[in-house]
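Take a look at the structure below.
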Amino acid sequence: MNFTQAHQSITSKSIWNKITVFLLFFFFALASNAQILEPVKWTSRMEKKADKTILIFDGTIEKDWHMYSQFTPDGGPLALEISFKNQKGNYELVGKAKEGKTRTAFNDVFGVDETFFEGKAHIEQEIKIINPNLKTVDVEFDFQVCKEVCINSNKKFSIAVPSTFKMDEVPVVAEAKLDETKVAGLAVDTVKKEEAVQPKVEKTAKTGKEEIPAPATSRSLWSIFFLAFLGGFAALFTPCVFPMIPMTVSFFTKQSKSRAKGIRNAIFYGLSIIAIYVVLGLIVTKIFGADALNALSTDVWFNLIFFVILIIFAVSFLGAFEIMLPNSWANKADQQADKGGLVGILFMALALAIVSFSCTGPIVGTLLVEAASNGGIAPIVGMLGFSSALALPFMLFALFPGWLNSLPKSGGWLNTVKVVLGFLELALAFKFLSSADLVLQLHFLEREVFLAIWIAIFGTLAFYLFGKITLPHDSPTHHISVGRLSLGLLVLSFTIYMIPGLWGAPLKLISAFPPPPQYSESPFGVGGSGNGAVSAGSIKGMPEGAELGPHGIMVFHDYEDGLAYAKEINKPIMLDFTGYACVNCRKMENNVWSDPSVLPILKNDVVLISLYVDDKRELPKEEQFTTESGDKIITVGDKWTDFMISKYKTNTQPLYVITDLEGNNLNSTKPTISYVSTEEYLQWLDEGISNFK
């Protein structure tokens, strides 16, 4: 090979080396940005439907991800928030934004039912344009989308209003001009995959003359049916209903010309009872509307009104007074029943519903309240379950009249059933009051107060069952039955179980009822000893900006404060990018951080800085800024989100990083880590800390 050939060969290799380096750098850059996720792609448009102007937003959600609805209740993950930026003087909103197909699943960490979209998100908002010169309608979505991890995102829409778009013209569609998405990191997956494929609430949102499809089935509807069935079963054992069973069955079997006809009439009587209560559920759904019922569940006034209603029901069951429908209604039903035939039997069932209302009314009312808070056809399903339990004995005893001899005799025990139901109504009432208090953040009914009330209610019920307390309609007794004693012991055990909740115990059996632990006078429990936290007395001398976090770990919530302290004591920093609505963050804190091998490290060997990416507090004006990509950093959460994305090229939580005092990563194999096992987390911690110099 001559010099020229050798030179050409070297030059060629040099060029290929540069190309290779460039390609490697290019693909590395792609890989580093691959973690910036955008699982929802949006389009929007404006349509004319009849004489209505409708804004329509469609989101395509990637497989296995789900986005939370605006109807997800407070205290859970972040619900969709819709802001209309240029509304004043330009247009008016007509009602609340309507949603398409959603699903609901219970979250045992937050204790709420989460409503979310899967696959597609469809949202419609009717507006009335009042400014003829309006050029655009500017809308902003803040939403949360989740898989194994979750992301907080912000999408801005600028929807052009055509100059020819008037109320009396044919439908015109204008495509939206979408701004870039400002990705705000979030929290965690709050719905398990197996739950996500089982819809829980069926709802149909009506927009104009069209209906947005609703889920076909719902897991929660079965729960509502079962609970309502139990309510109907309880209603059977009340003084207003139980004595009617043998009387009514005997009437059908003795007055009918043949046993077959008596059975047929009794079955029709039972079906009539079911029809009456199902129609009641249908009326409630029709009056309020499927979506309105669901929206009301998080409304303050809804919760306050039903708190009062349930208190009235409870006091009635305890014997202070009876809630009765007008006697004229029962008389008219009896007159129609005397005519005989199938119509007469139908009115006999109606007469039973009216006469027994003083006992069944509070139960029916409570079931309708609970079902209404789920929305959709839940009130209908609830009444179907209740009435099925109520009607079943009339049918069965007509088929097998010999069973009547096995029924217990009426007596004082029937009033005991009413009183027990009254105590349960009283306890449930405070759940609605607690929901209103949580929404308003008044802190009147914090966790300790709520638990104290429930302990008092169920403790008093236990004393009642043991015969230590008597109420107005109780019969005098010299002893209590084995069944009553057993129930009393069960209630007393439940009461004792709740007492440690005052000291911070999680009380998983009732996690859906009391306020969350952080909504408390003492987040670490009475005396500051709950959840492994240290006592309040040991807080003295803590550095500025620090506070006690989970399990008594000292934590900073500002990076600069934490960095200054780390430099002062010369310890590595552990950054914890988290969120208030982050379920997996809470699981890591509860299950991994609490481990005896992990907790001492977090307390003694690192400086923990927890940065909440969903912190909505607004930054001071002088600290607000606009990023190179044009995103406005306005809130504290925006600031930590931008820090996380720009520094660590990801937008998901939980995210943990161990750094030195210059901000350099100390873990070479895994610079960051997320939701992992205790063993993997401990190994990662040990590696990072050992690399600190």
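The C-beta contact set for segment 110-122 (first residue over 17 Å from THR60 (Cα atoms) and open to solvent by 10 Å² or more (accessible area, probe 1.4 Å), second residue part of a strand (DSSP E or B) and at pLDDT below 90, distance under 9 angstrom, 6+ apart or interchain) comprises VAL112/PHE106; ASP113/THR104; ASP113/ALA105; ASP113/PHE106; ASP113/ASN107.
For segment 459-488, filtered to residues that are among the β-branched types (Val, Ile, Thr) and open to solvent by 70 Å² or more (accessible area, probe 1.4 Å), the residue that is farthest from LEU424 (Cα to Cα) is THR477. Could you pull out the residue among GLY579, GLY552 that is more than 23 Å from LYS616 (Cα to Cα), under 30 Å from the mean Cα position of the chain (by Cα) and open to solvent by less than 50 Å² (accessible area, probe 1.4 Å)? From the options GLY579, GLY552, the qualifying one is GLY552. Please work out which residue is modelled with the lowest pLDDT, limiting yourself to segment 672-687 and to residues that are surrounded by 15 or more Cβ atoms within 10 Å (Cβ to Cβ) and assigned to a loop (DSSP other than H, G, I, E, B). Here the answer is TYR675. A search for C-beta distances below 8 Å between a residue of segment 572-600 that is closer than 18 Å to GLU687 by Cα and any residue that is among the aromatic types (Phe, Trp, Tyr), counting only pairs 6+ apart in sequence or on different chains, returns PRO572/PHE692; MET574/TYR656; LEU575/TYR559; LEU575/TYR656; ASP576/TYR656; VAL592/TYR681; VAL598/TYR681; LEU599/TRP593.
Taken together, the criteria place LYS101 among residues that are assigned to a loop (DSSP other than H, G, I, E, B), open to solvent by 40 Å² or more (accessible area, probe 1.4 Å), more than 18 Å from LYS48 (Cα to Cα) and at pLDDT 85 or above. Within segment 658-671, the set of residues being part of a loop (DSSP other than H, G, I, E, B) and either among the charged types (D, E, K, R) or in contact with a Gly (Cβ under 8 Å, 6 or more places away or on another chain) (or both) comprises ASP660, GLU662, LEU666, ASN667, LYS670. A search for C-beta distances below 8 Å between a residue of segment 558-569 that is without any contact (Cβ under 8 Å) to a residue 40 or more places away in the chain and farther than 19 Å from GLU623 by Cα and any residue that is open to solvent by less than 60 Å² (accessible area, probe 1.4 Å) and not hydrophobic (A, V, I, L, M, F, W, C), counting only pairs 6+ apart in sequence or on different chains, returns GLU568/PRO543.
Taking segment 115-130, which residues are under 18 Å from the mean Cα position of the chain (by Cα) and closer than 13 Å to PHE141 by Cβ?
Residue satisfying the conditions is PHE117 alone.
If you go through segment 637-671 and keep only what is of a type in the set (A, V, I, L, M, F, W, C) and either closer than 16 Å to ILE601 by Cα or open to solvent by less than 20 Å² (accessible area, probe 1.4 Å) (or both), you end up with TRP640, MET644, LEU655, VAL657, ILE658, LEU666. Looking only at residues in segment 63-76 that are touching a residue at least 60 places away in the same chain (Cβ under 8 Å) and more than 17 Å from PRO516 (Cβ to Cβ), which one is most open to solvent (accessible area, probe 1.4 Å)? Applying the filter and picking the extreme gives ASP64. Regarding ASN691, is this residue without any contact (Cβ under 8 Å) to a residue 40 or more places away in the chain and not charged (D, E, K, R)? So ASN691 passes the test.
The values are calculated or read from the model by the stated rules, or taken from the named source; none is laboratory data. Computed from a predicted model, the values in this text were never measured in an experiment. When we count neighbours, we look across all protein chains shown, and the Cβ atoms used for this are built from the backbone with ideal geometry, even at glycine. Keep in mind that these areas ignore ligands, DNA and RNA; they rest on the heavy atoms of the full protein, side chains included. Shrake-Rupley method; radii C 1.70, N 1.55, O 1.52, S 1.80 Å.
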